[in-house]
1. Under a Cβ-only charge scheme (Lys and Arg +1, Asp and Glu -1), can you give me the dipole magnitude of chain D about the Cα centre, in debye to the nearest 20?
2. Within 10 Å of each Cβ in C:68-78, how many Cβ atoms from other chains are there, averaged over the peptide?
3. For the pairs A:Lys75/B:Lys20; C:Lys29/C:Lys119; A:Lys67/C:Lys29; C:Lys67/C:Lys119; A:Lys29/B:Lys45, flag any whose C-alpha to C-alpha distance is greater than 21 Å.
4. Take every residue in peptide A:35-48, count the Cβ atoms of other chains within 10 Å of its Cβ, and give the average of those counts.
5. In nm to one decimal, list the spacings between the A:Glu139 label point and its equivalents in the other copies, with label points set 7 Å along Cα to Cβ, shortest first.
6. Name the most mobile residue of B:Gly122, B:Gly41, B:Gly55, meaning the one with the largest mean-square fluctuation, in a Gaussian network model of chain B with Cα contacts below 10 Å.
7. Can you tell me how the range B:65-134 classifies by the Cα gyration tensor, rounded, prolate or oblate, using a/c under 1.5 as the rounded cut?
8. Dipole of the protein assembly as shown, Cα-centred, from +1 at each Lys and Arg C-beta and -1 at each Asp and Glu C-beta, to the nearest 20 debye?
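Please treat every number below as a calculation from the coordinates, not as lab data. What you are looking at is a predicted structure, and each value in this text was computed from that prediction instead of being measured. Methodologically, a virtual Cβ is constructed for each residue, glycine included, from the backbone with ideal geometry; neighbour enumeration extends over all protein chains shown.
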There are 4 protein chains.
Amino acid sequence: MTDIVASNRDRLLQAAVEAKTFAYVPYSKFRVGAALLTEDGEIIKGANIENASYGGTICAERTAFVKAVSEGHRKFVALAVTTDVASSIAPCGMCRQVIREFCPLDMPILLAASSYLEKEDGVRECTLEELLPFSFGPEDLERDRG
Amino acid sequence: MTDIVASNRDRLLQAAVEAKTFAYVPYSKFRVGAALLTEDGEIIKGANIENASYGGTICAERTAFVKAVSEGHRKFVALAVTTDVASSIAPCGMCRQVIREFCPLDMPILLAASSYLEKEDGVRECTLEELLPFSFGPEDLERDRG
Amino acid sequence: MTDIVASNRDRLLQAAVEAKTFAYVPYSKFRVGAALLTEDGEIIKGANIENASYGGTICAERTAFVKAVSEGHRKFVALAVTTDVASSIAPCGMCRQVIREFCPLDMPILLAASSYLEKEDGVRECTLEELLPFSFGPEDLERDRG
Amino acid sequence: MTDIVASNRDRLLQAAVEAKTFAYVPYSKFRVGAALLTEDGEIIKGANIENASYGGTICAERTAFVKAVSEGHRKFVALAVTTDVASSIAPCGMCRQVIREFCPLDMPILLAASSYLEKEDGVRECTLEELLPFSFGPEDLERDRG
Ligand SMILES: [Zn+2]
Ligand SMILES: [Zn+2]
Ligand SMILES: [Zn+2]
Ligand SMILES: [Zn+2]
């Protein structure tokens with residue numbers, strides 16, 4: 001874990017918990033909060049926003065990313081995600097793909113159980129590559145066809 | 001158009017233009033900017049954020065909505081959308097559906113041509129209902145089956 | 001309504017009802033069936049297929065379209081949609097956008113109540129243009145930027 | 001690899017190549033073909049179907065799945081995916097998530113280079129678990145909150 005991540009770790013996890021507050025989850029009742037650390041130390045929060053069509057639902061992680069990117073951020077150093085569940089929950093595949101668009105494969109992703117402060121193993125730490133191995137990315141669209 | 005929208009109209013259109021700046025559009029090269037006016041007069045901006053998977057792309061309008069909702073806003077009074085095209089461009093169906101989740105059917109939606117300031121008819125004004133008639137919404141999921 | 005649609009109307013509505021049988025809806029319990037009539041008189045069925053991520057859900061209408069297009073069909077003349085609800089339910093915005101990619105604006109879309117056979121007004125008939133006015137489409141991506 | 005997969009391997013790869021024929025890719029020009037083997041030995045093909053909204057795009061793998069599920073299939077034993085690119089290309093995260101909904105984690109996924117028949121290493125073989133480790137799935141939505 002890089003220095004910038006280590007020094008912001010607690011702040012980032014706390015931000016993910018706060019982010020959960022504004023989840024809009026009338027259908028699943030499954031709140032998720034995400035917090036994204038930008039290269040310059042800013043933390044951007046996201047919550048999951050559901051939709052009656054179900055398919056129009058946007059997860060907490062993607063909310064954080066589109067928020068950050070639409071405000072001009074392009075480089076990120078860590079992501080934290082938390083839910084109301086007592087164990088770590090990992091991002092869905094769609095979110096992993098959106099993370100892939102903007103982040104290095106070794107970027108740390110912290111998956112915090114709801115009560116992570118009270119447990120020794122409350123935060124699972126992984127990298128983007130561990131969550132999305134053999135990933136499809138922007139450079140694949142450039143490959144020669146034929 | 002309500003008073004709050006009228007008094008914020010120029011500011012809202014200008015914010016949509018500014019929002020376009022941070023569009024991430026390596027695939028379509030089609031920048032879109034959106035600006036959402038909340039009930040308490042705050043303006044929240046969004047840009048389109050594309051993804052190598054294409055399906056993972058999130059439009060400017062949806063970016064503005066998930067940003068706003070994840071920050072605690074739940075009531076909106078107007079939306080402005082603009083692009084780099086010389087005529088008005090309307091939101092895609094997916095965005096109309098996300099707007100539908102949170103907004104009254106008579107909410108004004110302003111569709112601004114790229115050079116709307118120089119033209120008399122540079123801003124097309126419509127309502128959500130005009131863009132998504134006979135809409136499917138949250139209450140439909142509650143209807144009796146059988 | 002064109003002759004081909006009129007002569008296939010009952011068959012198309014019946015196919016939409018049958019399509020509903022295979023809906024995969026563990027989350028919403030809201031079954032939808034769709035049936036798409038191709039230019040050469042073939043009927044292609046679709047049901048909604050949900051996903052634990054919610055955002056990965058694909059509606060009945062889109063299922064019918066990707067099925068048809070991936071089998072080589074490119075021209076369509078009518079679509080029928082039905083649910084388990086006693087009144088007509090219209091497609092979500094995302095589906096309207098996918099229909100827009102392949103169909104003429106005047107294509108008839110039949111929205112059938114669950115018990116449409118027993119009611120006089122059991123089938124609401126509209127066109128794509130009525131469901132998605134001022135639509136965004138493939139030609140918009142070609143417009144000059146500037 | 002189970003017997004049923006081994007005996008259908010060539011047929012499955014060939015079906016993925018054929019499926020590519022009907023890809024609708026006016027925007028990316030990146031054709032993908034997928035072929036899904038059901039428990040009872042049926043092969044169901046899918047191609048990617050793009051949309052002017054980009055976000056409305058549905059990949060080849062998801063096309064194959066919604067097609068299969070909407071026709072009543074619920075159990076699958078293998079998936080093959082191919083493109084026009086000379087090396088193996090893996091499914092996007094969104095597709096991995098849809099596969100996750102229906103398949104065992106050890107299900108083989110065959111990723112075939114465009115000219116896989118002419119190369120010794122033309123087909124990369126992996127499992128769903130290798131593509132989507134620590135996955136989020138239907139059972140997670142059932143977990144106790146709190
Ligand atoms: Zn997600
Ligand atoms: Zn849109
Ligand atoms: Zn739909
Ligand atoms: Zn995909």
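1. Values: 16 positive and 22 negative charges, 105 e Å.
Rounded to the nearest 20 debye, it is 500 debye.
2. Working: counts 3, 9, 19, 7, 3, 1, 2, 0, 0, 0, 0.
Per residue, the average neighbour count from other chains is 4.
3. On the way: A:Lys75/B:Lys20 19 Å; C:Lys29/C:Lys119 24 Å; A:Lys67/C:Lys29 32 Å; C:Lys67/C:Lys119 31 Å; A:Lys29/B:Lys45 27 Å.
Result: C:Lys29/C:Lys119; A:Lys67/C:Lys29; C:Lys67/C:Lys119; A:Lys29/B:Lys45 exceed 21 Å.
4. On the way: counts 0, 0, 0, 0, 0, 0, 0, 0, 0, 2, 2, 4, 5, 6.
Going residue by residue through A:35-48 and averaging, the value is 1.
5. 3.6, 4.0, 5.3
6. Of B:Gly122, B:Gly41, B:Gly55, the most mobile in the Gaussian network model is B:Gly55.
7. prolate
8. Details: 64 positive and 88 negative charges, 0 e Å.
The calculated dipole for the protein assembly as shown is roughly 0 debye.
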